[in-house]
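The values are calculated or read from the model by the stated rules, or taken from the named source; none is laboratory data. In this text the structure is predicted, and so the values were computed from the model without any measurement. Positions of Cβ are backbone-derived with ideal geometry, glycine not excepted, and every protein chain shown enters the neighbour counts.
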Amino acid sequence: MNYVEVELTTTDSVVRDIVTAELAELGFESFTESDEGLKAYVQEEEFDAQRLETMLHALFPHNKPAYKVTVIEQQNWNEEWEKNYEPVMIDDFCCLRASFHAKPDNVELDILIDPKMSFGTGHHPTTVSVIRLMRDLDFTGKTVFDYGCGTGVLSIVADKLGAKSITAIDIDEWSIENSEENFRKNGMEKFDLSPKPLASFAGTEYDIILANINKNIIIQNLGNLAKISKPGTPILFSGFFTHDLADIAEAAAPHGFTYIKHISNNEWAAALFTR
């Protein structure tokens, strides 16, 4: 399976964040950022050059950032992301690194993430913020549901924080394959990894729910998320801008979810709710 890489040139972090959110809506699955720009990846058969051009023109009618499009063959992916992937340090709490990076000293959680084409290297502000919120939750002996697991990074953090079992789902075949590889690399044993739809899990209640996806998918699936939670279940929502938090809270309330707090990072939000 080939992928298309779109490389956008901009030193403006806000522009990078806005474009990332819009590209996610167009089906782009993986992103890497640098001070000079953004690289985004989508399956070749899902790429629509006209939709991309229309989206960028709508966002930037007078000063559209320069970009280029490249087809990346499947076997070249590891070489491609190794050029851009640097370890992510989240305070002294967590290090997200690839297997070719040296193991850090004096960090509580050392996590290996080889992302292939899946979203969630840890570089995106939402991933960092969710992990910071996870630090304040008690995962010991808890059952955890990871909705839209990507690389599996949040599931791995939950496991290392003492979760009893992990159920992780994603509709993308790369994510399922990638998550399993990363689970094994990090010594995970008790997990259920599945491409099944969220609705198929109705009736099974989980102690903690993680949902780092995007605003529209979260709102559309609040009912299904309510069916897998119970009174007191913490749920971490992310994948949306801070100014969208009010819409999330308003839509979540009828399903019994109550807003507790949130973290903002470069205009992106990660929020803790309970049911």
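Tabulated data
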item	result
Members of the range 169-222 found to be charged (D, E, K, R) and in a strand (DSSP E or B), listed by number	192
Selection count, the range 206-224, where residues are over 16 Å from the mean Cα position of the chain (by Cα) and surrounded by 15 or more Cβ atoms within 10 Å (Cβ to Cβ)	7
Those residues of the range 247-261 which are touching a strand residue (DSSP E or B) at 6+ places or on another chain (Cβ under 9 Å) and of a type in the set (A, V, I, L, M), in sequence order	248, 249, 252, 253, 260
Test for residue 131: is it outside any loop (DSSP other than H, G, I, E, B), touching a Cys at 6+ places or on another chain (Cβ under 7 Å), in contact (Cβ under 8 Å) with a residue 24 or more places away in the chain and outside the structural domain of residue 226 (by TED's automatic domain parsing)	no
Checking residue 130 against (1) more than 14 Å from the chain's Cα centre (by Cα); (2) within 27 Å of residue 265 (Cα to Cα), the condition it does not meet	(1)
Residue identified as in contact (Cβ under 8 Å) with a residue 12 or more places away in the chain and within 19 Å of residue 262 (Cα to Cα) among 218, 171	218
Set 211, 269, 251: member being modelled with pLDDT of 95 or more, of a type in the set (A, V, I, L, M) and farther than 19 Å from residue 152 by Cβ	251
Those residues of the range 225-247 which are under 19 Å from the mean Cα position of the chain (by Cα) and either farther than 17 Å from residue 137 by Cβ or assigned to a loop (DSSP other than H, G, I, E, B) (or both), in sequence order	239, 240, 241, 242, 243, 244, 245
Residue within the range 189-199 that is of a type in the set (S, T, N, Q) and in contact with a Phe, Trp or Tyr (Cβ under 8 Å, 6 or more places away or on another chain) present	no
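Residue-by-condition table, conditions (1) within 20 Å of residue 182 (Cα to Cα); (2) modelled with pLDDT of 85 or more; (3) outside the structural domain of residue 169 (by TED's automatic domain parsing); (4) exposed (fewer than 12 other Cβ atoms within 10 Å of the Cβ):
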{"site": "23", "(1), (2), (3), (4)": "no, yes, yes, no"}
{"site": "28", "(1), (2), (3), (4)": "no, no, yes, no"}
{"site": "34", "(1), (2), (3), (4)": "no, no, yes, no"}
{"site": "44", "(1), (2), (3), (4)": "no, yes, yes, no"}
{"site": "62", "(1), (2), (3), (4)": "no, yes, yes, yes"}
{"site": "71", "(1), (2), (3), (4)": "no, yes, yes, yes"}
{"site": "77", "(1), (2), (3), (4)": "yes, no, yes, no"}
{"site": "89", "(1), (2), (3), (4)": "yes, yes, yes, no"}
